[in-house]
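Engineer: The structure's right below; bear with me while I get my questions together.
The values are calculated or read from the model by the stated rules, or taken from the named source; none is laboratory data. What you see is a predicted model; the values in this text were computed from it and never measured. We place every Cβ from the backbone using ideal geometry, glycine too, and count neighbours over all the protein chains shown.
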Amino acid sequence: MRRAVCPGSFDPITNGHLDIIVRASRLFDEVVVAVGINKTKATLFTIDERMDFIRQAVRSHPDSPTNVVVDTSHGLLVDFCRVRGVQSIVKGLRAVSDFDYELQMAQMNNSLAGVETLFMSTNPQYAFLSSSLVKEVARYGGDVSGLVPDIVLKGLRDRSAS
Ligand code: PNS
């Protein structure tokens, strides 16, 4: 089975992430979305909330792919790949500024375990989008509809109302 992982913090998932996940699901038999657990990094949403947002966003997408599963990843991504039988990492590249670090990680992961990284160009519609910017705009009451799945929009609104 050709299996790929789309790794990230997904705090929260954006429409840019969702676009990459759905496009990857057309190329692989199974796509595992690995939500990274990094105890040193403070997140707005809990791991369960982030996983739930991803599942609901994939389900609500017009393609509604059935070959996307969501999981957590605690340690090295290459260990996750070994345990889950994943041969490829799929990453979205928004701009040249993403490239240096992504290339470094891709080469490290390949040297550690022979896992290949495939870069997919981000849909230009979402080239400026990041989870951090979405959170900042939402925190100050800006409109992020159209940039995140509806379930995330609701989550951000609930969070700022509390
Ligand atoms: O959404 P993010 O925070 O940019 O995702 C970064 C992530 C989780 C994909 C990256 O930090 C990662 O792969 N972490 C797992 C730990 C690991 O394998 N580190 C070595 C990378 S070469």
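Engineer: Kindly list, by first and then second residue, each pair from a residue in segment 123-134 that is surrounded by 12 or more Cβ atoms within 10 Å (Cβ to Cβ) to a residue that is of a type in the set (S, T, N, Q) and part of a helix (DSSP H, G or I), limited to pairs with Cβ atoms under 9 Å and residues at least 6 apart or on different chains.
Structural biologist: Cβ pairs passing all conditions: 123/15; 125/15; 126/15; 129/15.
Engineer: Give me the residue from segment 75-98 that is over 25 Å from residue 2 (Cβ atoms) and either of a type in the set (A, V, I, L, M, F, W, C) or near the ligand (Cβ under 9 Å from one of its atoms) (or both) and, out of that set, farthest from the chain's Cα centre (by Cα).
Structural biologist: Here the answer is 96.
Residues checked against (1) farther than 22 Å from residue 129 by Cα; (2) at pLDDT 95 or above; (3) touching a Ser or Thr at 6+ places or on another chain (Cβ under 6 Å); (4) surrounded by fewer than 11 Cβ atoms within 10 Å (Cβ to Cβ):
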{"position": "69", "(1), (2), (3), (4)": "yes, yes, no, no"}
{"position": "74", "(1), (2), (3), (4)": "yes, no, no, no"}
{"position": "96", "(1), (2), (3), (4)": "no, no, no, yes"}
{"position": "108", "(1), (2), (3), (4)": "yes, yes, no, no"}
{"position": "115", "(1), (2), (3), (4)": "yes, yes, no, no"}
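Engineer: Would you list the helices (runs of 4 or more DSSP H) that sit entirely within segment 1-86 and hold 1 or more residues that are touching a residue at least 40 places away in the same chain (Cβ under 8 Å), within 20 Å of residue 117 (Cβ to Cβ) and of a type in the set (D, E, K, R)? Even if it seems obvious, please write down each step before you answer.
Structural biologist: On the way: elements: 15-25, 47-60, 77-84.
Correct list: 15-25, 77-84.
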